[in-house]
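Encoded as structure tokens, the structure appears first; notes follow it.
Laboratory data are not the source of any read-out in this text; all were calculated from the coordinates shown. For clarity, every value in this text was computed on a predicted model and none was experimentally measured. We place every Cβ from the backbone using ideal geometry, glycine too, and count neighbours over all the protein chains shown.
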């Protein structure tokens, strides 16, 4: 499996960026790659062991992926792995670490 680390300077505190990305009700408001994200439990945000369903948008509309969270430590770290297989992926996993960079920025 290929590995890559990407770092982005965000114009908001780490807790705000974490919530904007991981609260599934908010994510569709800004993420142009998904048309719907939801927790199978109906909860507003993940927890360790929680499963999500993510449906693609735009050119990715035909794609969908179920993921299970293996780590969820708000507002520092979240990690998930794909459940089953979804074309074109045979396996997928990702983690996001959020770090404050002063009062109004984060990585």
>> Being part of a loop (DSSP other than H, G, I, E, B), in contact with a strand residue (DSSP E or B) (Cβ under 8 Å, 6 or more places away or on another chain) and closer than 20 Å to residue 75 by Cβ is the filter here; which residues of the range 32-50 pass it?
In response: 45, 46, 47, 48, 49, 50
> Quick one: which strands (runs of 3 or more DSSP E) sit completely within the range 62-106 and have at least 3 residues that are over 18 Å from residue 41 (Cα atoms) and free of Cβ contacts under 8 Å to residues at least 12 places away in the same chain?
Replying inline: none
> Restricting attention to the range 2-30, which residues are under 22 Å from residue 91 (Cβ atoms) and out of contact with any strand residue (DSSP E or B) (no Cβ under 8 Å at 6 or more places or on another chain)?
Replying inline: 2, 3, 4, 5, 6
> Any chance the range 68-77 includes a residue that's within 18 Å of residue 90 (Cα to Cα) and surrounded by 15 or more Cβ atoms within 10 Å (Cβ to Cβ)?
Replying inline: yes
>> So residue 83 ticks every box in (1) closer than 27 Å to residue 104 by Cα; (2) surrounded by 11 or more Cβ atoms within 10 Å (Cβ to Cβ) but one. Which box is left unticked?
In response: (1)
